[in-house]
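Heads up, the thing below is written out as structure tokens.
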Amino acid sequence: MDLGMEALKGKTFICSVLIACLFWGSAGLAADFQMDEDVRQNAPYGRIISLYGAHTENLLAMGAAAQLLGIDGQSAHLPGAEGKPIFSYHDDPERFLAARPDLVLIRPMIDRGYPRLVERLKQSGIQVVSVQPTTVEQLEDYWRLLGQLSGREAQADGMHRSFKMAVLDFKRLSAQVENHQRVYFEAIHRKMKTFTPRAMAIFALETAGGINVAADAPVRTNNNIAVYGKERLLSHAADIDVFLSQQGAMNQTSVETIMAEPGFGAIKAIKTGQVFQVDEMIVSRPTLGLLKGIYRIGCLLYPGVYCSAGRNILASAGMGG
């Protein structure tokens, strides 16, 4: 298993995560998110700009709101983010320099797509850390890295403990289910894409007691999305009890569009009206919000088992109902 970590020139740190072997919680190694020496020596940072919503949400959950001098546009509604300046990788580098950050947090997509911004920041002596976990077993190291960068190690460890305990409680709920639902989980409708078997969305589905119909989806390195195709999907038509679809920027579709898709009339879940959408923010992001994703899916599949007891699990994890 190659966990992959490469450093860019200067003070830019890139943590590139390849597919690990086993699901979180089983025997196996987690991703090793380590800081290079320059980044480590300057931590913790007090003037942070986060350009990825998961980084922002996690830092806010760790209590680092005062250290965030700029955030991504999707995070403006989060508690603790009110009134903070919004930054984007589309912005001119001079806007970042004027804010005088000591750390800018990005993810590999930004590093690949906007090298001019990254190069300008590092030339100006600003630390740039690019990281994005792709599997659930990498969450602990990812949260620990953010905790080290912000001086919130104890809070990061607490997040992981809460997550582990809640997942175990959800699995206990799922063990009460007698007839497990077989589910197709759509990632992008217009391209007939699903999630790879190791994706966070599938972790949420299976923790909630669902059976992934598309377990044969091809695995792609550093990518949680897999091309599945209509022909392969329809070959499982009689087996799909529930059709789930993530909804958000990645998949701007509707239940009506899914129901009306040519050929989908053969799918069992379409015939019975068991088609539901789940906010991508709670099934595809490396945050504690994954617990809400598990709860949401559990309520859709097994409302009698999940809706009341699951709400208590969320509350115990500090996630509300």
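The values are calculated or read from the model by the stated rules, or taken from the named source; none is laboratory data. Bear in mind that the values here come from a model prediction, so they are computed numbers and not experimental data. With ideal geometry, Cβ positions are generated from the backbone for all residues, glycine too; neighbour counts draw on all protein chains shown.
Below, the figures for the structure above:
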read-out	value
Selected residue [modelled with pLDDT of 95 or more, crowded, with 20+ Cβ neighbours inside 10 Å and in a loop (DSSP other than H, G, I, E, B)] from L244, L300, L288	L288
Residue within region 75-88 that is part of a helix (DSSP H, G or I), surrounded by 13 or more Cβ atoms within 10 Å (Cβ to Cβ) and within 22 Å of the chain's Cα centre (by Cα) present	yes
Filter pass, L59 being in a helix (DSSP H, G or I) and within 23 Å of the chain's Cα centre (by Cα)	yes
Among (1) basic (K, R); (2) within 30 Å of A43 (Cα to Cα); (3) in the same structural domain as L301 (by TED's automatic domain parsing) - the single one R182 does not satisfy	(2)
Count of region 254-279 residues which are surrounded by 12 or more Cβ atoms within 10 Å (Cβ to Cβ), closer than 22 Å to A208 by Cβ and of a type outside the set (A, V, I, L, M, F, W, C)	5
Set A187, A204, A215: member being part of a loop (DSSP other than H, G, I, E, B), modelled with pLDDT of 95 or more and assigned by TED's automatic domain parsing to the domain that holds Q277	A215
Per-region count, region 262-285, residues of a type outside the set (D, E, K, R) and assigned to a helix (DSSP H, G or I)	8
Subset of region 75-98 [within 30 Å of M319 (Cβ to Cβ) and not hydroxyl-bearing (S, T, Y)]	A76, H77, L78, P79, G80, A81, E82, G83, K84, P85, I86, F87
